[in-house]
1. Of the residues that sit in region 71-94 and are touching a strand residue (DSSP E or B) at 6+ places or on another chain (Cβ under 8 Å) and within 16 Å of the ligand (Cβ to nearest atom), which one is nearest to residue 26 (Cα to Cα)?
2. When you go through 417, 475 one by one, which is the residue that is under 28 Å from residue 209 (Cα atoms), in contact with a Cys (Cβ under 8 Å, 6 or more places away or on another chain) and either part of a helix (DSSP H, G or I) or among the hydrophobic types (A, V, I, L, M, F, W, C) (or both)?
3. With respect to residue 257, determine if the residue is in contact with a Gly (Cβ under 8 Å, 6 or more places away or on another chain), farther than 17 Å from residue 444 by Cα, modelled with pLDDT of 95 or more and part of a strand (DSSP E or B).
4. Sort out which residues of region 24-43 are within 11 Å of the ligand (Cβ to nearest atom) and either within 18 Å of residue 81 (Cα to Cα) or not assigned by TED's automatic domain parsing to the domain that holds residue 264 (or both), and write them in order of number.
5. Out of region 347-373, which residues are within 16 Å of the ligand (Cβ to nearest atom), out of contact with any Asp or Glu (no Cβ under 7 Å at 6 or more places or on another chain) and over 19 Å from residue 300 (Cα atoms)?
6. Determine if region 410-428 includes at least one residue that is in contact (Cβ under 8 Å) with a residue 60 or more places away in the chain and away from the ligand (no atom under 15 Å from the Cβ).
Amino acid sequence: MKAPLEGNNIVIIGAGIGGLSTGIILSLLNFNITIVEKNPLAGGLMRSYRRSGIDCSVGVHYVGALGEDEPLGIIFRLLGISVNDLFERMGQDGVIDRYIFDNFIFDLPTSIDAYEKNLQTAFPGDTAAIDVIMKNLRKIAERMLDPSFLLNQGDPFQNIDYFNPMGEYLEKLNASDGLQDVLAMPAQLIGVPLAECPVIFHHMVLAGYLFSCWRLKESGAKMADVFVERFRQLGGRLILNEGAQKIIIESGKVTGLQLKSGNSLTADAVVAAVHPKALLTLLDVESLKSSYRDRLANLQETDGVIVLQVSVDGREHPEMTHNIYRLEAREKGILNNGVFYQLRRGNAAGANLLSIITKSSCSEWSKWENTNSGRRGKDYEEKKLSIAHDLLRQADDVFGKLKDAKIIDVFTPLTVRDYVNCAEGSCYGLMRSSRQMLKIASLNNVPLSGLYLAGQNVVAPGVLGSLLGSFDAVRRIVGQERFIHEFKSMTLAGNKPSEG
Ligand SMILES: Cc1cc2nc3c(=O)[nH]c(=O)nc-3n(C[C@H](O)[C@H](O)[C@H](O)COP(=O)(O)OP(=O)(O)OC[C@H]3O[C@@H](n4cnc5c(N)ncnc54)[C@H](O)[C@@H]3O)c2cc1C
(Lines give C-alpha, C1' and ligand atoms only; values in the text may rest on other atoms or scores of the structure.)
Protein backbone atom coordinates (compact mmCIF):
# COMPACT_ATOMS: atom_id res chain seq x y z
CA MET A 1 0.00 0.00 0.00
CA LYS A 2 1.16 3.58 -0.74
CA ALA A 3 2.26 5.86 2.12
CA PRO A 4 -0.58 8.01 3.59
CA LEU A 5 -1.43 11.06 1.51
CA GLU A 6 0.33 14.30 2.33
CA GLY A 7 -2.03 17.22 1.83
CA ASN A 8 -5.67 17.92 2.42
CA ASN A 9 -7.32 18.84 -0.87
CA ILE A 10 -9.03 16.00 -2.67
CA VAL A 11 -11.13 16.00 -5.81
CA ILE A 12 -13.52 13.10 -6.38
CA ILE A 13 -14.77 12.30 -9.87
CA GLY A 14 -18.37 11.04 -9.85
CA ALA A 15 -21.25 11.66 -7.42
CA GLY A 16 -22.71 8.14 -7.34
CA ILE A 17 -23.07 6.42 -3.98
CA GLY A 18 -19.35 5.55 -4.13
CA GLY A 19 -18.16 9.14 -4.70
CA LEU A 20 -20.62 10.75 -2.27
CA SER A 21 -19.91 8.31 0.57
CA THR A 22 -16.14 8.61 0.08
CA GLY A 23 -16.62 12.40 0.16
CA ILE A 24 -18.63 12.17 3.39
CA ILE A 25 -16.09 9.96 5.17
CA LEU A 26 -13.14 12.12 4.08
CA SER A 27 -15.00 15.28 5.13
CA LEU A 28 -15.56 13.72 8.55
CA LEU A 29 -11.78 13.37 8.71
CA ASN A 30 -11.40 17.08 7.88
CA PHE A 31 -10.23 16.81 4.28
CA ASN A 32 -11.35 19.53 1.83
CA ILE A 33 -13.42 17.69 -0.72
CA THR A 34 -14.77 18.71 -4.11
CA ILE A 35 -16.89 16.26 -6.07
CA VAL A 36 -17.27 16.74 -9.81
CA GLU A 37 -20.30 15.13 -11.48
CA LYS A 38 -21.02 15.14 -15.20
CA ASN A 39 -24.81 14.89 -14.82
CA PRO A 40 -27.10 17.77 -13.77
CA LEU A 41 -28.20 15.75 -10.71
CA ALA A 42 -26.09 13.74 -8.26
CA GLY A 43 -26.61 10.08 -7.33
CA GLY A 44 -25.57 8.07 -10.39
CA LEU A 45 -27.31 4.69 -10.38
CA MET A 46 -28.72 5.35 -6.89
CA ARG A 47 -31.00 8.18 -8.22
CA SER A 48 -34.52 7.35 -9.38
CA TYR A 49 -36.36 9.29 -12.08
CA ARG A 50 -40.01 10.21 -12.51
CA ARG A 51 -42.36 9.09 -15.29
CA SER A 52 -46.13 9.67 -15.38
CA GLY A 53 -45.87 10.99 -11.81
CA ILE A 54 -44.26 7.77 -10.51
CA ASP A 55 -40.72 7.45 -9.09
CA CYS A 56 -38.92 4.70 -11.00
CA SER A 57 -35.87 2.98 -9.45
CA VAL A 58 -32.64 2.56 -11.37
CA GLY A 59 -30.06 0.86 -9.15
CA VAL A 60 -31.55 0.45 -5.66
CA HIS A 61 -34.36 -2.11 -5.55
CA TYR A 62 -33.45 -3.81 -2.30
CA VAL A 63 -30.54 -3.84 0.07
CA GLY A 64 -29.35 -6.23 2.78
CA ALA A 65 -27.52 -5.84 6.12
CA LEU A 66 -28.91 -2.43 7.13
CA GLY A 67 -29.82 -3.58 10.66
CA GLU A 68 -28.24 -1.62 13.52
CA ASP A 69 -25.32 -3.98 14.16
CA GLU A 70 -25.00 -5.24 10.60
CA PRO A 71 -22.27 -3.98 8.25
CA LEU A 72 -24.37 -1.55 6.21
CA GLY A 73 -26.27 -0.34 9.27
CA ILE A 74 -22.95 0.48 10.97
CA ILE A 75 -21.70 2.25 7.84
CA PHE A 76 -24.84 4.41 7.62
CA ARG A 77 -24.38 5.32 11.28
CA LEU A 78 -20.78 6.34 10.57
CA LEU A 79 -21.91 8.42 7.60
CA GLY A 80 -24.50 10.13 9.81
CA ILE A 81 -27.41 9.07 7.60
CA SER A 82 -30.58 7.64 9.15
CA VAL A 83 -31.54 4.21 7.84
CA ASN A 84 -35.10 4.55 9.09
CA ASP A 85 -35.68 7.85 7.26
CA LEU A 86 -34.81 6.23 3.94
CA PHE A 87 -35.59 2.52 4.19
CA GLU A 88 -38.25 0.09 5.37
CA ARG A 89 -37.97 -3.62 6.12
CA MET A 90 -39.10 -6.16 3.54
CA GLY A 91 -40.44 -9.65 4.07
CA GLN A 92 -43.34 -8.96 6.45
CA ASP A 93 -44.91 -12.13 5.03
CA GLY A 94 -41.72 -14.10 5.84
CA VAL A 95 -40.44 -13.98 2.26
CA ILE A 96 -37.81 -11.71 0.66
CA ASP A 97 -37.63 -13.25 -2.79
CA ARG A 98 -39.85 -15.89 -4.37
CA TYR A 99 -37.95 -17.92 -7.00
CA ILE A 100 -40.45 -19.43 -9.43
CA PHE A 101 -38.82 -22.20 -11.48
CA ASP A 102 -40.65 -24.31 -14.09
CA ASN A 103 -41.09 -27.22 -11.68
CA PHE A 104 -40.72 -25.79 -8.17
CA ILE A 105 -40.92 -22.63 -6.09
CA PHE A 106 -38.33 -21.64 -3.50
CA ASP A 107 -38.72 -18.81 -0.99
CA LEU A 108 -35.73 -16.83 0.26
CA PRO A 109 -36.83 -16.19 3.86
CA THR A 110 -35.80 -13.59 6.42
CA SER A 111 -33.09 -15.38 8.42
CA ILE A 112 -30.20 -17.81 8.07
CA ASP A 113 -31.98 -20.47 10.17
CA ALA A 114 -35.14 -20.21 8.05
CA TYR A 115 -33.02 -20.43 4.89
CA GLU A 116 -31.45 -23.68 6.08
CA LYS A 117 -34.88 -25.07 6.87
CA ASN A 118 -36.23 -24.14 3.42
CA LEU A 119 -33.20 -25.74 1.73
CA GLN A 120 -33.52 -28.96 3.75
CA THR A 121 -37.25 -29.16 2.95
CA ALA A 122 -36.82 -28.45 -0.75
CA PHE A 123 -33.79 -30.73 -1.27
CA PRO A 124 -33.98 -33.68 1.14
CA GLY A 125 -31.41 -35.58 -0.93
CA ASP A 126 -28.82 -32.82 -0.38
CA THR A 127 -28.66 -32.92 3.43
CA ALA A 128 -24.89 -33.45 3.61
CA ALA A 129 -24.13 -30.70 1.06
CA ILE A 130 -26.51 -28.26 2.78
CA ASP A 131 -24.82 -28.94 6.15
CA VAL A 132 -21.43 -27.93 4.72
CA ILE A 133 -22.81 -24.90 2.89
CA MET A 134 -24.63 -23.64 5.99
CA LYS A 135 -21.60 -24.14 8.20
CA ASN A 136 -19.48 -21.97 5.90
CA LEU A 137 -22.27 -19.44 5.40
CA ARG A 138 -22.59 -19.03 9.18
CA LYS A 139 -18.81 -18.62 9.59
CA ILE A 140 -18.70 -15.90 6.93
CA ALA A 141 -21.81 -14.20 8.37
CA GLU A 142 -20.17 -14.20 11.80
CA ARG A 143 -17.04 -12.54 10.41
CA MET A 144 -19.16 -9.89 8.67
CA LEU A 145 -20.68 -8.97 12.02
CA ASP A 146 -17.26 -8.58 13.64
CA PRO A 147 -15.85 -4.99 13.71
CA SER A 148 -12.59 -6.21 12.16
CA PHE A 149 -14.54 -6.77 8.94
CA LEU A 150 -15.12 -3.04 8.40
CA LEU A 151 -11.72 -2.08 9.71
CA ASN A 152 -10.03 -4.48 7.32
CA GLN A 153 -7.84 -5.56 10.21
CA GLY A 154 -5.88 -8.70 9.49
CA ASP A 155 -7.55 -11.05 7.06
CA PRO A 156 -11.14 -11.58 8.10
CA PHE A 157 -11.50 -14.56 5.78
CA GLN A 158 -8.52 -16.80 6.33
CA ASN A 159 -9.88 -19.97 4.82
CA ILE A 160 -8.30 -20.17 1.37
CA ASP A 161 -11.12 -22.45 0.17
CA TYR A 162 -13.49 -19.46 0.37
CA PHE A 163 -11.76 -18.04 -2.71
CA ASN A 164 -12.52 -21.10 -4.84
CA PRO A 165 -15.33 -20.89 -7.38
CA MET A 166 -18.78 -22.08 -6.32
CA GLY A 167 -18.87 -24.45 -9.31
CA GLU A 168 -15.92 -26.48 -8.01
CA TYR A 169 -17.19 -26.33 -4.43
CA LEU A 170 -20.68 -27.58 -5.32
CA GLU A 171 -19.25 -30.26 -7.60
CA LYS A 172 -17.23 -31.63 -4.67
CA LEU A 173 -20.35 -31.57 -2.51
CA ASN A 174 -22.27 -33.41 -5.20
CA ALA A 175 -25.06 -30.82 -5.02
CA SER A 176 -28.20 -31.58 -7.03
CA ASP A 177 -29.25 -29.43 -10.01
CA GLY A 178 -32.14 -27.93 -8.05
CA LEU A 179 -29.91 -26.89 -5.15
CA GLN A 180 -27.46 -25.35 -7.59
CA ASP A 181 -30.27 -23.44 -9.29
CA VAL A 182 -31.34 -21.91 -5.98
CA LEU A 183 -27.75 -21.12 -5.01
CA ALA A 184 -27.18 -19.45 -8.38
CA MET A 185 -29.34 -16.48 -7.34
CA PRO A 186 -26.95 -14.68 -4.95
CA ALA A 187 -24.23 -14.95 -7.61
CA GLN A 188 -26.62 -13.49 -10.16
CA LEU A 189 -27.18 -10.51 -7.83
CA ILE A 190 -23.58 -9.43 -8.42
CA GLY A 191 -23.59 -10.45 -12.08
CA VAL A 192 -21.36 -13.53 -11.85
CA PRO A 193 -22.28 -17.02 -13.15
CA LEU A 194 -22.55 -19.48 -10.25
CA ALA A 195 -19.78 -21.71 -11.57
CA GLU A 196 -17.28 -18.83 -11.51
CA CYS A 197 -18.46 -16.97 -8.42
CA PRO A 198 -15.94 -17.07 -5.54
CA VAL A 199 -17.52 -18.75 -2.48
CA ILE A 200 -16.71 -15.69 -0.37
CA PHE A 201 -18.65 -13.21 -2.56
CA HIS A 202 -21.55 -15.62 -2.92
CA HIS A 203 -21.87 -16.16 0.82
CA MET A 204 -21.37 -12.48 1.66
CA VAL A 205 -24.20 -11.43 -0.67
CA LEU A 206 -26.47 -14.18 0.64
CA ALA A 207 -25.66 -13.48 4.30
CA GLY A 208 -26.26 -9.75 3.75
CA TYR A 209 -29.80 -10.36 2.53
CA LEU A 210 -30.49 -12.96 5.23
CA PHE A 211 -29.38 -10.60 8.04
CA SER A 212 -32.18 -8.21 7.11
CA CYS A 213 -33.65 -6.91 3.90
CA TRP A 214 -34.78 -3.38 3.12
CA ARG A 215 -36.10 -1.20 0.37
CA LEU A 216 -36.57 2.51 -0.11
CA LYS A 217 -39.52 4.14 1.65
CA GLU A 218 -39.74 6.87 -0.97
CA SER A 219 -37.30 7.02 -3.85
CA GLY A 220 -33.72 6.82 -5.02
CA ALA A 221 -33.94 10.57 -5.71
CA LYS A 222 -34.56 11.17 -2.00
CA MET A 223 -31.70 8.83 -1.08
CA ALA A 224 -29.36 10.73 -3.42
CA ASP A 225 -30.54 14.08 -2.01
CA VAL A 226 -29.92 12.90 1.57
CA PHE A 227 -26.35 11.83 0.67
CA VAL A 228 -25.74 15.21 -1.02
CA GLU A 229 -27.18 17.12 1.93
CA ARG A 230 -24.95 15.24 4.38
CA PHE A 231 -21.89 15.87 2.22
CA ARG A 232 -22.66 19.61 1.98
CA GLN A 233 -23.42 19.82 5.69
CA LEU A 234 -19.84 18.65 6.33
CA GLY A 235 -18.46 21.43 4.12
CA GLY A 236 -18.11 19.42 0.92
CA ARG A 237 -18.38 21.17 -2.45
CA LEU A 238 -20.33 19.53 -5.26
CA ILE A 239 -19.96 20.72 -8.85
CA LEU A 240 -22.76 19.38 -11.06
CA ASN A 241 -23.06 19.29 -14.83
CA GLU A 242 -19.29 19.28 -15.15
CA GLY A 243 -17.43 16.32 -16.60
CA ALA A 244 -13.84 15.47 -15.75
CA GLN A 245 -11.69 15.79 -18.85
CA LYS A 246 -8.14 14.93 -17.79
CA ILE A 247 -6.25 14.14 -14.60
CA ILE A 248 -3.30 16.53 -14.41
CA ILE A 249 0.02 14.86 -13.61
CA GLU A 250 3.31 16.60 -12.94
CA SER A 251 6.56 14.73 -12.23
CA GLY A 252 4.68 11.43 -11.84
CA LYS A 253 2.23 12.83 -9.28
CA VAL A 254 -1.41 13.90 -9.53
CA THR A 255 -1.76 17.66 -9.08
CA GLY A 256 -5.29 18.37 -10.24
CA LEU A 257 -8.16 17.83 -12.61
CA GLN A 258 -8.99 19.52 -15.87
CA LEU A 259 -12.73 19.86 -16.48
CA LYS A 260 -14.74 19.68 -19.70
CA SER A 261 -15.67 23.38 -19.33
CA GLY A 262 -11.98 24.28 -19.61
CA ASN A 263 -11.65 25.13 -15.91
CA SER A 264 -9.31 23.16 -13.71
CA LEU A 265 -9.02 22.26 -10.03
CA THR A 266 -5.79 21.77 -8.11
CA ALA A 267 -5.64 18.80 -5.76
CA ASP A 268 -3.27 16.75 -3.62
CA ALA A 269 -5.15 13.65 -4.77
CA VAL A 270 -7.91 12.57 -7.13
CA VAL A 271 -10.34 9.77 -6.33
CA ALA A 272 -11.94 8.23 -9.40
CA ALA A 273 -15.37 7.01 -8.25
CA VAL A 274 -16.23 6.05 -11.83
CA HIS A 275 -15.87 2.87 -13.82
CA PRO A 276 -12.10 2.17 -13.99
CA LYS A 277 -12.24 1.87 -17.79
CA ALA A 278 -13.64 5.43 -17.85
CA LEU A 279 -10.62 6.42 -15.76
CA LEU A 280 -8.33 5.30 -18.58
CA THR A 281 -9.82 7.95 -20.87
CA LEU A 282 -8.84 10.63 -18.31
CA LEU A 283 -5.14 9.75 -18.32
CA ASP A 284 -2.45 10.31 -20.92
CA VAL A 285 -1.22 6.98 -22.27
CA GLU A 286 2.31 7.49 -20.94
CA SER A 287 1.16 8.31 -17.40
CA LEU A 288 0.14 4.74 -16.54
CA LYS A 289 2.21 1.59 -16.79
CA SER A 290 1.12 -0.23 -19.94
CA SER A 291 0.76 -3.51 -17.99
CA TYR A 292 -1.82 -1.85 -15.69
CA ARG A 293 -3.66 -0.26 -18.61
CA ASP A 294 -3.78 -3.54 -20.59
CA ARG A 295 -4.91 -5.59 -17.61
CA LEU A 296 -7.77 -3.19 -16.96
CA ALA A 297 -8.80 -2.77 -20.59
CA ASN A 298 -9.11 -6.55 -21.04
CA LEU A 299 -11.22 -7.33 -17.99
CA GLN A 300 -14.68 -8.80 -18.59
CA GLU A 301 -17.74 -6.75 -17.59
CA THR A 302 -20.91 -7.97 -15.90
CA ASP A 303 -24.00 -8.06 -18.10
CA GLY A 304 -26.33 -5.17 -18.73
CA VAL A 305 -30.10 -5.29 -18.32
CA ILE A 306 -33.26 -4.08 -19.98
CA VAL A 307 -35.63 -2.47 -17.48
CA LEU A 308 -39.33 -1.99 -17.99
CA GLN A 309 -41.36 0.33 -15.74
CA VAL A 310 -45.10 -0.35 -15.86
CA SER A 311 -47.88 1.48 -14.08
CA VAL A 312 -50.71 -0.84 -13.00
CA ASP A 313 -54.03 -0.43 -11.25
CA GLY A 314 -53.14 0.10 -7.57
CA ARG A 315 -56.25 -1.50 -6.11
CA GLU A 316 -56.09 -4.60 -8.23
CA HIS A 317 -52.32 -4.96 -7.76
CA PRO A 318 -51.34 -3.88 -4.24
CA GLU A 319 -47.69 -3.52 -3.22
CA MET A 320 -45.96 -6.83 -2.49
CA THR A 321 -43.53 -7.08 0.43
CA HIS A 322 -41.32 -9.52 -1.47
CA ASN A 323 -39.77 -9.66 -4.96
CA ILE A 324 -40.41 -12.35 -7.53
CA TYR A 325 -37.89 -14.00 -9.81
CA ARG A 326 -39.21 -16.12 -12.70
CA LEU A 327 -36.36 -18.49 -13.51
CA GLU A 328 -35.54 -21.19 -15.99
CA ALA A 329 -32.81 -23.71 -15.26
CA ARG A 330 -31.34 -24.53 -18.65
CA GLU A 331 -27.91 -25.84 -17.80
CA LYS A 332 -26.59 -27.08 -14.54
CA GLY A 333 -26.59 -24.16 -12.16
CA ILE A 334 -26.62 -21.49 -14.86
CA LEU A 335 -29.82 -19.51 -14.93
CA ASN A 336 -30.97 -18.27 -18.28
CA ASN A 337 -33.80 -15.90 -19.06
CA GLY A 338 -34.33 -14.92 -15.43
CA VAL A 339 -36.81 -12.09 -14.90
CA PHE A 340 -37.07 -9.93 -11.75
CA TYR A 341 -40.37 -8.35 -10.69
CA GLN A 342 -40.93 -5.77 -7.99
CA LEU A 343 -44.40 -4.39 -7.34
CA ARG A 344 -44.32 -1.17 -5.30
CA ARG A 345 -46.79 1.48 -4.33
CA GLY A 346 -46.67 4.28 -6.86
CA ASN A 347 -46.83 7.88 -5.80
CA ALA A 348 -49.41 8.70 -8.49
CA ALA A 349 -53.08 8.44 -7.54
CA GLY A 350 -54.47 4.94 -8.02
CA ALA A 351 -51.39 3.51 -9.73
CA ASN A 352 -48.66 1.17 -8.54
CA LEU A 353 -45.32 0.51 -10.19
CA LEU A 354 -44.27 -2.88 -11.54
CA SER A 355 -40.55 -2.93 -12.39
CA ILE A 356 -39.44 -5.77 -14.64
CA ILE A 357 -35.73 -6.46 -15.21
CA THR A 358 -33.97 -9.03 -17.33
CA LYS A 359 -30.50 -9.57 -18.77
CA SER A 360 -29.56 -7.78 -21.98
CA SER A 361 -26.04 -7.43 -23.27
CA CYS A 362 -24.70 -4.30 -24.92
CA SER A 363 -23.91 -6.36 -28.04
CA GLU A 364 -27.67 -6.87 -28.61
CA TRP A 365 -27.81 -3.10 -29.12
CA SER A 366 -24.59 -2.78 -31.15
CA LYS A 367 -26.45 -1.20 -34.08
CA TRP A 368 -26.92 1.91 -31.91
CA GLU A 369 -23.62 1.82 -30.01
CA ASN A 370 -22.44 5.07 -31.59
CA THR A 371 -25.64 6.97 -30.80
CA ASN A 372 -26.59 8.98 -27.72
CA SER A 373 -29.55 8.67 -25.33
CA GLY A 374 -32.70 10.27 -26.74
CA ARG A 375 -31.29 10.33 -30.27
CA ARG A 376 -31.14 6.68 -31.27
CA GLY A 377 -34.02 6.73 -33.76
CA LYS A 378 -37.32 5.00 -34.41
CA ASP A 379 -35.99 1.47 -34.98
CA TYR A 380 -34.31 1.50 -31.54
CA GLU A 381 -37.58 2.58 -29.90
CA GLU A 382 -39.42 -0.16 -31.81
CA LYS A 383 -36.99 -2.85 -30.68
CA LYS A 384 -37.26 -1.66 -27.07
CA LEU A 385 -41.04 -1.70 -27.18
CA SER A 386 -41.21 -5.09 -28.84
CA ILE A 387 -39.11 -6.63 -26.02
CA ALA A 388 -41.15 -4.68 -23.47
CA HIS A 389 -44.45 -6.05 -24.77
CA ASP A 390 -43.08 -9.62 -24.65
CA LEU A 391 -41.98 -9.09 -21.06
CA LEU A 392 -45.38 -7.67 -20.17
CA ARG A 393 -47.12 -10.72 -21.64
CA GLN A 394 -44.85 -12.99 -19.55
CA ALA A 395 -45.73 -10.94 -16.47
CA ASP A 396 -49.39 -11.90 -16.94
CA ASP A 397 -48.35 -15.53 -16.34
CA VAL A 398 -46.95 -14.54 -12.95
CA PHE A 399 -49.52 -11.97 -11.77
CA GLY A 400 -52.63 -12.90 -13.77
CA LYS A 401 -53.95 -10.43 -16.33
CA LEU A 402 -52.52 -7.05 -15.27
CA LYS A 403 -55.21 -4.36 -15.03
CA ASP A 404 -54.53 -0.99 -16.65
CA ALA A 405 -50.91 -1.94 -17.42
CA LYS A 406 -49.17 0.99 -19.08
CA ILE A 407 -45.51 0.98 -20.06
CA ILE A 408 -44.15 4.26 -18.72
CA ASP A 409 -40.46 3.71 -19.50
CA VAL A 410 -37.95 1.22 -20.88
CA PHE A 411 -34.18 1.52 -20.56
CA THR A 412 -31.37 -0.58 -22.01
CA PRO A 413 -27.64 -1.14 -21.34
CA LEU A 414 -26.94 1.77 -23.69
CA THR A 415 -29.00 4.07 -21.47
CA VAL A 416 -27.00 2.99 -18.41
CA ARG A 417 -23.72 3.28 -20.33
CA ASP A 418 -24.40 6.88 -21.34
CA TYR A 419 -25.97 7.90 -18.04
CA VAL A 420 -23.05 6.95 -15.77
CA ASN A 421 -20.27 6.30 -18.25
CA CYS A 422 -19.79 2.60 -17.51
CA ALA A 423 -18.28 0.19 -20.01
CA GLU A 424 -20.88 -1.83 -21.94
CA GLY A 425 -23.70 -0.57 -19.68
CA SER A 426 -22.69 -3.21 -17.14
CA CYS A 427 -24.93 -3.32 -14.08
CA TYR A 428 -22.28 -4.30 -11.58
CA GLY A 429 -19.09 -3.11 -13.28
CA LEU A 430 -16.16 -5.50 -13.67
CA MET A 431 -17.06 -9.17 -13.24
CA ARG A 432 -15.71 -10.46 -9.91
CA SER A 433 -15.32 -14.02 -11.08
CA SER A 434 -12.70 -16.38 -9.64
CA ARG A 435 -10.75 -15.94 -12.87
CA GLN A 436 -10.60 -12.15 -12.55
CA MET A 437 -10.58 -11.73 -8.78
CA LEU A 438 -6.83 -11.24 -8.28
CA LYS A 439 -6.48 -9.04 -11.35
CA ILE A 440 -9.28 -6.75 -10.12
CA ALA A 441 -7.88 -6.64 -6.58
CA SER A 442 -4.48 -5.59 -7.93
CA LEU A 443 -6.06 -2.65 -9.80
CA ASN A 444 -6.64 -0.89 -6.48
CA ASN A 445 -2.90 -0.34 -6.10
CA VAL A 446 -2.94 2.35 -8.79
CA PRO A 447 0.68 2.86 -9.88
CA LEU A 448 0.44 6.63 -9.79
CA SER A 449 1.01 8.86 -6.77
CA GLY A 450 -2.14 10.69 -5.63
CA LEU A 451 -4.66 8.62 -7.61
CA TYR A 452 -7.20 6.34 -5.89
CA LEU A 453 -10.26 4.33 -6.94
CA ALA A 454 -13.69 4.27 -5.28
CA GLY A 455 -17.13 3.00 -6.27
CA GLN A 456 -18.53 -0.42 -6.98
CA ASN A 457 -15.38 -1.76 -8.64
CA VAL A 458 -13.08 -1.45 -5.62
CA VAL A 459 -14.37 -4.21 -3.33
CA ALA A 460 -17.76 -5.40 -4.58
CA PRO A 461 -20.85 -4.06 -6.36
CA GLY A 462 -24.23 -3.02 -4.96
CA VAL A 463 -24.94 -0.58 -2.18
CA LEU A 464 -23.06 -2.63 0.43
CA GLY A 465 -20.14 -3.34 -1.91
CA SER A 466 -19.83 0.30 -3.01
CA LEU A 467 -19.78 1.53 0.59
CA LEU A 468 -17.19 -1.05 1.59
CA GLY A 469 -15.20 0.28 -1.39
CA SER A 470 -15.43 3.82 0.00
CA PHE A 471 -13.93 2.68 3.30
CA ASP A 472 -11.18 0.91 1.41
CA ALA A 473 -10.40 4.08 -0.57
CA VAL A 474 -10.26 6.14 2.64
CA ARG A 475 -7.99 3.53 4.27
CA ARG A 476 -5.56 3.84 1.38
CA ILE A 477 -5.61 7.64 1.56
CA VAL A 478 -5.09 8.03 5.32
CA GLY A 479 -3.08 4.84 5.91
CA GLN A 480 -4.09 1.78 7.94
CA GLU A 481 -2.89 3.21 11.28
CA ARG A 482 -4.98 6.39 11.20
CA PHE A 483 -7.91 4.51 9.67
CA ILE A 484 -8.06 2.12 12.60
CA HIS A 485 -7.53 4.91 15.10
CA GLU A 486 -10.42 6.94 13.63
CA PHE A 487 -12.91 4.18 13.11
CA LYS A 488 -12.29 1.54 15.75
CA SER A 489 -14.39 3.08 18.49
CA MET A 490 -17.14 3.98 16.03
CA THR A 491 -17.63 0.49 14.69
CA LEU A 492 -18.02 -0.69 18.25
CA ALA A 493 -19.93 2.13 19.88
CA GLY A 494 -21.45 4.22 17.11
CA ASN A 495 -19.46 7.35 18.00
CA LYS A 496 -18.37 9.97 15.51
CA PRO A 497 -14.74 10.08 14.36
CA SER A 498 -12.33 12.21 16.35
CA GLU A 499 -12.00 15.71 14.90
CA GLY A 500 -8.78 16.66 13.14
C1 LIG B 1 -30.62 -1.88 -13.07
C2 LIG B 1 -29.79 -1.96 -11.83
C3 LIG B 1 -30.35 -2.47 -10.67
C4 LIG B 1 -29.59 -2.54 -9.49
N5 LIG B 1 -30.20 -2.97 -8.34
C6 LIG B 1 -29.50 -2.96 -7.18
C7 LIG B 1 -30.14 -3.31 -5.95
O8 LIG B 1 -31.34 -3.60 -5.92
N9 LIG B 1 -29.39 -3.31 -4.82
C10 LIG B 1 -28.06 -2.98 -4.81
O11 LIG B 1 -27.42 -3.02 -3.75
N12 LIG B 1 -27.43 -2.63 -5.97
C13 LIG B 1 -28.12 -2.61 -7.14
N14 LIG B 1 -27.50 -2.22 -8.30
C15 LIG B 1 -26.07 -1.84 -8.25
C16 LIG B 1 -25.87 -0.45 -7.63
O17 LIG B 1 -26.79 0.46 -8.17
C18 LIG B 1 -24.43 0.01 -7.95
O19 LIG B 1 -23.53 -0.96 -7.44
C20 LIG B 1 -24.05 1.35 -7.30
O21 LIG B 1 -25.08 2.31 -7.41
C22 LIG B 1 -22.78 1.86 -7.99
O23 LIG B 1 -22.40 3.11 -7.45
P24 LIG B 1 -21.09 3.84 -7.97
O25 LIG B 1 -20.98 5.11 -7.22
O26 LIG B 1 -19.94 2.91 -7.95
O27 LIG B 1 -21.34 4.12 -9.51
P28 LIG B 1 -22.35 5.08 -10.29
O29 LIG B 1 -23.66 5.14 -9.62
O30 LIG B 1 -22.28 4.64 -11.70
O31 LIG B 1 -21.68 6.53 -10.16
C32 LIG B 1 -20.66 7.01 -10.99
C33 LIG B 1 -20.90 8.50 -11.20
O34 LIG B 1 -19.79 9.06 -11.90
C35 LIG B 1 -20.29 9.97 -12.87
N36 LIG B 1 -19.26 10.12 -13.92
C37 LIG B 1 -18.83 9.19 -14.81
N38 LIG B 1 -17.85 9.69 -15.59
C39 LIG B 1 -17.65 10.98 -15.18
C40 LIG B 1 -16.77 12.02 -15.59
N41 LIG B 1 -15.89 11.88 -16.60
N42 LIG B 1 -16.85 13.22 -14.93
C43 LIG B 1 -17.71 13.42 -13.91
N44 LIG B 1 -18.57 12.45 -13.50
C45 LIG B 1 -18.54 11.26 -14.10
C46 LIG B 1 -21.56 9.33 -13.35
O47 LIG B 1 -22.41 10.24 -14.01
C48 LIG B 1 -22.14 8.79 -12.03
O49 LIG B 1 -22.94 9.75 -11.41
C50 LIG B 1 -28.23 -2.13 -9.49
C51 LIG B 1 -27.66 -1.62 -10.67
C52 LIG B 1 -28.42 -1.52 -11.82
C53 LIG B 1 -27.81 -0.94 -13.06
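1. By that ranking, first place goes to 72.
2. The conditions single out 417.
3. Details: in contact with a Gly (Cβ under 8 Å, 6 or more places away or on another chain): no; farther than 17 Å from residue 444 by Cα: yes; modelled with pLDDT of 95 or more: yes; part of a strand (DSSP E or B): yes.
Taking the combined requirement at face value, the residue does not satisfy it.
4. As a first pass, look at region 24-43 and keep what is within 11 Å of the ligand (Cβ to nearest atom): 35-43.
Across region 24-43, the qualifying residues are 42, 43.
5. Narrowing region 347-373 to residues within 16 Å of the ligand (Cβ to nearest atom): 353-362, 364-365, 372-373.
Keeping just the survivors that are out of contact with any Asp or Glu (no Cβ under 7 Å at 6 or more places or on another chain) gives 353-358, 360, 364-365.
Selection gives 353, 354, 355, 356, 357, 358.
6. So far as region 410-428 goes, no, none of its residues is in contact (Cβ under 8 Å) with a residue 60 or more places away in the chain and away from the ligand (no atom under 15 Å from the Cβ).
Rundown of residues vs (1) of a type in the set (Val, Ile, Thr); (2) in the same structural domain as residue 223 (by TED's automatic domain parsing); (3) touching a helix residue (DSSP H, G or I) at 6+ places or on another chain (Cβ under 6 Å), yes/no style:
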site	(1), (2), (3)
59	no, no, yes
63	yes, no, yes
68	no, no, no
89	no, no, no
104	no, no, no
123	no, no, yes
134	no, no, yes
145	no, no, no
150	no, no, yes
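The values are calculated or read from the model by the stated rules, or taken from the named source; none is laboratory data. What you see is a predicted model, and the numbers here were worked out from it, not measured in a lab. All Cβ positions, glycine included, derive from the backbone under ideal geometry; neighbour counts span all protein chains shown.
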